[in-house]
Amino acid sequence: MITPIDRSSERRRIHRRIRAKISGKPDRPRLCIYRSLKYIYAQIVDDSQGKTLVAASTAEKDVRGQLKQAGNIQASKLVGKSIAERAKAKGIKTVVFDRGGYLYHGRVKAVAEAARESGLEF
């Protein structure tokens, strides 16, 4: 009997495969995405130091005040815009995009496109 694979373990397997190929360096850190049912989180990480340089999410109070619902595409666009603005303030212009094992579709795509429109290159 074949046991079905649950989505979360499959996503983690895909994410491990992606992380074997990409890593954040000081000159080009990694923009990683985490998506839950309720919120979406984005971080810019320097893997050589193991430090988060910039972070943004829909769970922050100032972002939640602007939104009716924090787990949709409109909220994801706001997170992408804010992460790009915070990165530019820290002097980060180019990043490597880590989709976290999620499909490049919907909320993940919205974060990426909003970050690109706000001036972040990847």
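Laboratory data are not the source of any read-out in this text; all were calculated from the coordinates shown. Nothing here was measured: the structure is a model prediction, and the numbers come from that model. FYI the Cβ positions are ideal-geometry reconstructions off the backbone, even for glycines, and counts take in every protein chain you see.
Figure legend. Inter-residue proximity from the stretch 94-117: first residues at positive phi and outside any helix (DSSP H, G or I), second residues surrounded by fewer than 18 Cβ atoms within 10 Å (Cβ to Cβ) and of a type in the set (A, V, I, L, M), beta-carbon distance below 6 Å, spacing 6+ or different chains. Indicated pairs: 101/14. Residue 4 satisfies every condition listed in (1) in a loop (DSSP other than H, G, I, E, B); (2) touching a Lys or Arg at 6+ places or on another chain (Cβ under 6 Å) except (2). Condition check for residue 83 on (1) hydrophobic (A, V, I, L, M, F, W, C); (2) closer than 25 Å to residue 10 by Cβ; (3) free of Cβ contacts under 8 Å to residues at least 60 places away in the same chain: one failure, at (2). Restricting attention to the stretch 26-76, the residues that are among the polar types (S, T, N, Q) and part of a strand (DSSP E or B) total 3.
Out of the residues in the stretch 22-51 meeting the condition of being closer than 16 Å to residue 97 by Cβ and of a type in the set (Ser, Thr, Tyr), tell me which one is surrounded by the most Cβ atoms within 10 Å (Cβ to Cβ). Talk me through it step by step, then tell me what you get.
Taking the stretch 22-51 and keeping what is closer than 16 Å to residue 97 by Cβ, we get 22-25, 27-35, 40-47.
If we keep only those that are of a type in the set (Ser, Thr, Tyr) too, we end up with 23, 34, 41.
Details: 23: 15, 34: 16, 41: 19.
The qualifying residue surrounded by the most Cβ atoms within 10 Å (Cβ to Cβ) is 41.
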